[in-house]
């Protein structure tokens, strides 16, 4: 096998050993280079402080709107020329192409000798492109510096500019070294990358997407440790450490709020857990119906509410229960006196009402899992029970229900693990000033804190989110462990 | 398989005693009542939007429509924001779902290839994201940092990776006999070729299922529009726009009345009627497609249930 991976480290020459190490360093550097173009704090293109702090190099390249959001007025008044912006964006694009070239080189380095050699040109060209783009950025910086109104458009060349120069130079040195160390074999092999690496490279975009949208938000947890309001900086001056933790408990108002919200959340989840046997009853008794057509029709029609949004359900609630809704109309007709209670406003029985709406929406859907489980029960058991003279309810009690227990248990554990998450939509649309006290669950509370009128609550909102995530994961572990103990299997 | 349990006729081995008949009557009655409860709100809204508006305002339309007309629906064309929201939602459903299905199929297929370097790590990397959630504010700040707020791309890009769907596709592909793939590889086909010409056609059941789930989720999307599009009302989704109309719609009547509708219709429009009509418009596509979808989501739950 000429497979390079089969070679052990001791059998390689010094050159090849060095190459292996340098390649590892190079690939890591390429990854880091790729990541920093998405990082707003490290944006070298922020040549004036008027460009938003939230723009990364990537955003500056493509999003004209992001730049003109803050600079729009200055451009109109000619404090800064529009050409400067164009030069800036083109330079950013050149840097981006350079970074892509470096990454392409890193990808090709996973191939065989020919692939490596062909690929070794990419990082060299890439680093040069990055340096060229950085020159372009410097050029636009000079134009801003020499602008008419430095007070309106203050020039700014952050340390990230020099960081990028360093990164580009480092890449250049690495790639030149690699090129020098690589030597073509006497028999030139055809271009080939092993399949296991090509598969990985094909999967790489998926990994990147997942990272950007699922892991990167975790970086936002740092806001819980700073004194942050919209538009302020995250500097060490603002660092508050665990201040917000203690604030949550010391400040009476927020503490009471939190307790109230937790009470609401646990009650709603608790009610859900108490009624989670309803889908089983639904499935069991649906199957008992003698007509096949009727069974299927009922199943289809009762699953319909699952597919509409909570906004629409609120529209139904308005149609039926508001002051001019159906209920009031009927009551007026029947009793002769006008009724116009707005059933949606008060907070009487609100938890029960929310539970009923939730059940109405979800029971058909939840029953499907159980109906599917029922179909896998061996029919011979029922026939044997018939021979023993079992009646209908005895059969349900002794055969059907026990066979459904495993599925029920898993769903119960998942429900317990998800106790703190009730969803936002339902409680947002039904919430109003009158029932907010009782209807505000944790998800809604986090939303109100973060997007509400009070700007100082973003750290607290982040903190509560963070705590909720961590507690949910712990609950999931506990549920998993309980499942292992009781059933012998984990649910995850 | 779910078909079979519902298709099974009750064995006629046992005699039908009066107790049995009583049970059947009670059973069927309860379910029929519940089904009617499920359907009634839809029906009520429908008849109230196609009936004579004067009767509706007096609360007279309860069980059947009177004075059927579709003037309310025609009058909707004056509500400019609604057309926009509808268009945005339709585009999002079509493009977002198609891309999500493609990406899920692609990812699900690659994960089944055991030769892939660090396959276990890649798979776990994706699956673990199902179990934690960074939170609303961190997610919003992330989108802000990526420059995706107030753009249409924010509707499509985050939804591309759906770990649950990837699991479904992976499980399904693993159940396809391996000889098919192996013989294709012997013929010299690469992974992409096999994926496009063989795996995708064979996986249409599971792909149709996740397409149904994805399409419904996209159509009903509300939260991301609420949080991300605060600067661009023209990008609101249909449900978000409906929510705006339901909760704070003082201008709605004025909007409708300024249009090119006949005077008599204008006079009869009330806030409620307009809200009902817009609500019906937002469900109508789902109602139309629903009977076709039914097959797929039942199958989908079973696939998910078998896995979990």
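Taking the condition surrounded by 14 or more Cβ atoms within 10 Å (Cβ to Cβ) and at the interface with another protein chain (Cβ under 7 Å from one of its Cβ atoms), does residue A:326 pass? First the steps, then the outcome.
Details: surrounded by 14 or more Cβ atoms within 10 Å (Cβ to Cβ): yes; at the interface with another protein chain (Cβ under 7 Å from one of its Cβ atoms): yes.
It is true that residue A:326 is surrounded by 14 or more Cβ atoms within 10 Å (Cβ to Cβ) and at the interface with another protein chain (Cβ under 7 Å from one of its Cβ atoms).
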Those residues of segment A:218-234 which are facing chain B (nearest Cβ under 8 Å) and either touching a residue at least 24 places away in the same chain (Cβ under 8 Å) or touching a strand residue (DSSP E or B) at 6+ places or on another chain (Cβ under 9 Å) (or both), in sequence order: A:220, A:221, A:223
Residue A:204 being at pLDDT 90 or above and within 30 Å of residue A:80 (Cβ to Cβ): no
Segment A:397-421, subset within 13 Å of another protein chain (Cβ to nearest Cβ) and not in a helix (DSSP H, G or I), residue farthest from residue A:343 (Cα to Cα): A:418
Residue count, segment B:196-237 (criterion: touching a residue at least 12 places away in the same chain (Cβ under 8 Å), in a helix (DSSP H, G or I), under 24 Å from residue B:147 (Cα atoms) and within 9 Å of another protein chain (Cβ to nearest Cβ)): 3
Elements of type helices (runs of 4 or more DSSP H) in segment A:425-492, at least 2 residues being farther than 24 Å from residue A:256 by Cβ: A:425-430, A:458-487
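Residues that are free of Cβ contacts under 8 Å to residues at least 60 places away in the same chain: which helices (runs of 4 or more DSSP H) entirely in segment B:45-147 hold 1 or more of them? So that I can check it myself, show each step before the final result.
Details: elements: B:53-57, B:71-75, B:80-91, B:97-112, B:119-127, B:136-145.
Result: B:53-57, B:80-91, B:97-112, B:119-127, B:136-145.
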Residue within segment A:343-352 that is farther than 19 Å from residue B:35 by Cα, within 14 Å of chain B (Cβ to nearest Cβ) and outside any helix (DSSP H, G or I) present: yes
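Those residues that are in contact with a helix residue (DSSP H, G or I) (Cβ under 9 Å, 6 or more places away or on another chain), assigned to a helix (DSSP H, G or I) and more than 7 Å from every other protein chain (Cβ to nearest Cβ), I need them from segment A:283-293; list them, please.
Correct list: A:283, A:284.
Please pick out the residue among A:308, A:280 that is more than 10 Å from every other protein chain (Cβ to nearest Cβ) and modelled with pLDDT of 90 or more.
Result: A:280 is the single residue among A:308, A:280 that is more than 10 Å from every other protein chain (Cβ to nearest Cβ) and modelled with pLDDT of 90 or more.
Quick one: would you say residue A:447 is in the same structural domain as residue A:478 (by TED's automatic domain parsing) and free of Cβ contacts under 8 Å to residues at least 40 places away in the same chain? Working first, answer last.
Working: in the same structural domain as residue A:478 (by TED's automatic domain parsing): yes; free of Cβ contacts under 8 Å to residues at least 40 places away in the same chain: yes.
Yes; evaluated as a whole, the condition is true for this residue.
Is one or more of the residues making up segment A:361-373 under 19 Å from residue A:429 (Cβ atoms) and in the same structural domain as residue A:423 (by TED's automatic domain parsing)? Let's see the steps before the verdict.
Within segment A:361-373, the subset under 19 Å from residue A:429 (Cβ atoms) is A:361-362.
With in the same structural domain as residue A:423 (by TED's automatic domain parsing) added as a condition, the list becomes A:361-362.
Within segment A:361-373, one or more residues are under 19 Å from residue A:429 (Cβ atoms) and in the same structural domain as residue A:423 (by TED's automatic domain parsing).
Step by step: first the residues of segment A:142-152, then only those that are surrounded by 15 or more Cβ atoms within 10 Å (Cβ to Cβ) and modelled with pLDDT of 80 or more, then the one that is farthest from residue B:115 (Cα to Cα). Which residue is that?
Initial filter on segment A:142-152 (surrounded by 15 or more Cβ atoms within 10 Å (Cβ to Cβ)): A:143-145, A:147, A:152.
In the following step, the residues that additionally are modelled with pLDDT of 80 or more were identified as A:143-145.
Working: A:143: 54, A:144: 54, A:145: 55 Å.
Residue satisfying both the conditions and the ranking: A:145.
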Check on residue A:485, more than 12 Å from every other protein chain (Cβ to nearest Cβ), surrounded by fewer than 23 Cβ atoms within 10 Å (Cβ to Cβ), without any contact (Cβ under 8 Å) to a residue 12 or more places away in the chain and on the phi < 0 side of the Ramachandran plot: yes
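Yes or no: residue A:476 buried (at least 21 other Cβ atoms within 10 Å of the Cβ), within 9 Å of chain B (Cβ to nearest Cβ), in contact (Cβ under 8 Å) with a residue 12 or more places away in the chain and on the phi < 0 side of the Ramachandran plot? I'd like the intermediate steps shown before the answer.
On the way: buried (at least 21 other Cβ atoms within 10 Å of the Cβ): no; within 9 Å of chain B (Cβ to nearest Cβ): yes; in contact (Cβ under 8 Å) with a residue 12 or more places away in the chain: yes; on the phi < 0 side of the Ramachandran plot: yes.
When the stated conditions are applied, residue A:476 does not pass them.
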Close pairs (6 angstrom Cβ cut-off, 6 or more residues apart or separate chains): away from chain A (no Cβ under 11 Å) in segment B:281-296, surrounded by 15 or more Cβ atoms within 10 Å (Cβ to Cβ) and part of a helix (DSSP H, G or I) anywhere: B:296/B:208; B:296/B:209; B:296/B:212
The listed residue being more than 30 Å from residue B:132 (Cβ to Cβ) and surrounded by 13 or more Cβ atoms within 10 Å (Cβ to Cβ), out of A:203, A:191, A:226: A:191
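Yes or no, residue by residue, for (1) outside any helix (DSSP H, G or I); (2) facing chain B (nearest Cβ under 9 Å):
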residue	(1), (2)
A:357	no, no
A:360	no, yes
A:385	no, no
A:389	yes, no
A:395	no, no
Subset of segment B:147-160 [within 7 Å of chain A (Cβ to nearest Cβ) and surrounded by 24 or more Cβ atoms within 10 Å (Cβ to Cβ)]: B:147
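Pick from A:492, A:446, A:429: which is at the interface with chain B (Cβ under 10 Å from one of its Cβ atoms) and at pLDDT below 85?
Working: A:446 fails: at pLDDT below 85; A:429 fails: at pLDDT below 85.
The match here is A:492.
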Residue within segment A:379-395 that is surrounded by 13 or more Cβ atoms within 10 Å (Cβ to Cβ) and within 17 Å of residue A:279 (Cα to Cα) present: no
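Tell me, yes or no, whether segment A:157-169 has at least one residue that is more than 14 Å from chain B (Cβ to nearest Cβ), buried (at least 17 other Cβ atoms within 10 Å of the Cβ), over 25 Å from the mean Cα position of the chain (by Cα) and modelled with pLDDT under 85. Steps first, please.
Taking segment A:157-169 first, the residues more than 14 Å from chain B (Cβ to nearest Cβ) are A:157-169.
Keeping just the survivors that are buried (at least 17 other Cβ atoms within 10 Å of the Cβ) gives A:157, A:160-161, A:164, A:167-168.
Cutting the leftovers down to over 25 Å from the mean Cα position of the chain (by Cα) gives us A:157, A:160-161, A:164, A:167-168.
Add one more test, that the residue is modelled with pLDDT under 85, and what stays is A:157.
Scanning segment A:157-169 turns up at least one residue that is more than 14 Å from chain B (Cβ to nearest Cβ), buried (at least 17 other Cβ atoms within 10 Å of the Cβ), over 25 Å from the mean Cα position of the chain (by Cα) and modelled with pLDDT under 85.
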Test: residue A:241 is under 23 Å from residue A:453 (Cβ atoms) and either part of a helix (DSSP H, G or I) or not assigned by TED's automatic domain parsing to the domain that holds residue A:35 (or both): no
Any hit, segment A:175-197, residues being touching a residue at least 60 places away in the same chain (Cβ under 8 Å), in contact with a strand residue (DSSP E or B) (Cβ under 7 Å, 6 or more places away or on another chain) and farther than 30 Å from residue B:162 by Cα: no
Subset of segment A:226-259 (residues that are farther than 16 Å from residue A:467 by Cα, under 27 Å from the mean Cα position of the chain (by Cα) and at pLDDT 85 or above): none
Residue in segment B:21-28 that is over 30 Å from residue A:394 (Cα atoms), within 30 Å of the chain's Cα centre (by Cα) and at pLDDT 80 or above present: no
Any hit, segment A:200-217, residues being in contact (Cβ under 8 Å) with a residue 60 or more places away in the chain, more than 12 Å from every other protein chain (Cβ to nearest Cβ) and either under 30 Å from residue B:109 (Cβ atoms) or in a helix (DSSP H, G or I) (or both): no
Condition met for residue A:195 (more than 24 Å from the chain's Cα centre (by Cα) and facing another protein chain (nearest Cβ under 10 Å)): yes
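The values are calculated or read from the model by the stated rules, or taken from the named source; none is laboratory data. This one's a predicted model, so the numbers in the text were calculated from it and none came from an experiment. Every residue, glycine as well, gets a Cβ built from its backbone with ideal geometry; the counts of neighbours run over all protein chains shown.
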